[in-house]
Each structure stands twice: as C-alpha cells, then as structure tokens.
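K.L.:
Take a look at the following structure, please.
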Amino acid sequence: MANNLGIKRVYEAPHPSDGFRVLVDRLWPRGLSREKARIDAWIKELAPSDALRRWFAHDPAKWAEFERRYAGELHTHAEAVQSFKAELAKQTHATLLYAAHDEAHNNALALLRFLRCRNGAS
C-alpha cells in the first residue's frame, strides 16, 4: 500500500496519475466545485476532529503533538482505517487530498505517515 499512495493539495489540477482521489478533510474545500475537484471518495472519518483541527491551527510548532493526537484519533476509528486500507489495496494508485496551504504540516501527510507506519499491522 505504501508505494501506491501519495498526497496532493485538492486545489491542484487533477491528473490521471493521481489514480483514486480521496479527500481526507472534514470540511469541503472553499470555492471548489465537486466537478472541478474530481474526488472519488470523501472520507470524513479519517479527518482530524474539529477540536484537534482547531487546536492545531496549522501551527508548525504543534506539528509533532498534532501527529501524536491525530494517530490517537485514528486508532479510535480503526474500522474506517481498515476499510480504507482494503479500498487502497484494490487501487493501482491513490492520492490523499487536503486543502491546507502548508505542504509540510497537514493532515494528509500525517495520515500518510500513519498508514505507512502501520502498513501490514492490523
């Protein structure tokens, strides 16, 4: 799974190499139509909670703690994570989509790391 998964800002133009496009934000991206976004799935259960998202507030100084807390939330949604892993196993390539401006500190990157770290672990 780790080799067929990438991340991309949802506002970037869709490309065939994106494969299965999955929005992993809790909120729909501002100003983006569903047609233009070309999203195959929107999995809100894999997004950070509103409380965690607001606490983080895209502050790079909180990044390590955000990743730790987010991983804890993902553990509580184990069924959604396993279901997503099963869907990824069917895909040649998949792209996690996020709306944040910061490419180095966003929930899609944290989710990607979580999935890679737990690849094969159930």
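K.L.:
Which one is nearest to ARG68 (Cα to Cα) among residues in the stretch 6-56 that are basic (Lys, Arg) and free of Cβ contacts under 8 Å to residues at least 60 places away in the same chain? Quick ask: steps written out before the conclusion?
P.N.:
At the first step, the residues of the stretch 6-56 found to be basic (Lys, Arg) are 8-9, 21, 26, 30, 34, 36, 38, 44, 53-54.
From the residues that got through so far, the ones that are free of Cβ contacts under 8 Å to residues at least 60 places away in the same chain too are 26, 34, 36, 38, 44, 53-54.
Details: ARG26: 18, ARG34: 31, LYS36: 33, ARG38: 31, LYS44: 19, ARG53: 13, ARG54: 15 Å.
Only one residue fits best here, namely ARG53.
K.L.:
How do the pairs read when you match residues in the stretch 96-122 that are more than 19 Å from PRO14 (Cβ to Cβ) with residues anywhere that are of a type in the set (S, T, N, Q) and modelled with pLDDT of 90 or more, using Cβ under 9 Å and keeping only pairs 6 or more apart or on different chains?
P.N.:
As it stands, the answer is SER122/GLN82, since those pairs meet every condition given.
K.L.:
Okay, next question. If only one of LEU96, LEU88 is in a helix (DSSP H, G or I), in contact with a strand residue (DSSP E or B) (Cβ under 7 Å, 6 or more places away or on another chain) and of a type outside the set (Ser, Thr, Tyr), which one is it? It would help to see each step written out before you state the result.
P.N.:
On the way: LEU96 fails: in a helix (DSSP H, G or I).
The unique qualifying residue is LEU88.
K.L.:
Would you mind listing the helices (runs of 4 or more DSSP H) fully within the stretch 1-81 where at least 3 residues are among the charged types (D, E, K, R) and over 16 Å from the mean Cα position of the chain (by Cα)? Before you say what the answer is, go through the steps one by one.
P.N.:
Details: elements: 34-37, 50-56, 63-76.
Here the list reads 34-37.
K.L.:
Something else: Tell me which of these PRO48 doesn't satisfy, since it passes every other one: (1) touching a strand residue (DSSP E or B) at 6+ places or on another chain (Cβ under 9 Å); (2) within 14 Å of ASP25 (Cα to Cα); (3) open to solvent by less than 50 Å² (accessible area, probe 1.4 Å).
P.N.:
(1)
K.L.:
I'd like the residue in the stretch 88-122 that is closer than 23 Å to LYS36 by Cβ and charged (D, E, K, R) and, out of all such residues, is most open to solvent (accessible area, probe 1.4 Å).
P.N.:
Ranking the candidates gives GLU103 first.
K.L.:
Output the residue which, of all residues in the stretch 73-82 that are in contact with a helix residue (DSSP H, G or I) (Cβ under 9 Å, 6 or more places away or on another chain) and without any contact (Cβ under 8 Å) to a residue 12 or more places away in the chain, is least open to solvent (accessible area, probe 1.4 Å). Talk me through it step by step, then tell me what you get.
P.N.:
As a first pass, look at the stretch 73-82 and keep what is in contact with a helix residue (DSSP H, G or I) (Cβ under 9 Å, 6 or more places away or on another chain): 73-75, 77, 79-81.
Still in the running and without any contact (Cβ under 8 Å) to a residue 12 or more places away in the chain: 75, 79.
Working: HIS75: 104, GLU79: 157 Å².
That would be HIS75.
The values are calculated or read from the model by the stated rules, or taken from the named source; none is laboratory data. These numbers were taken from a predicted model, which means no experiment stands behind them. Reconstructed Cβ throughout: ideal geometry from the backbone, glycine too, with neighbour counts over all protein chains shown. The accessibility values were calculated without ligands, DNA or RNA, using every heavy atom of the protein model including side chains. Shrake-Rupley method; radii C 1.70, N 1.55, O 1.52, S 1.80 Å.
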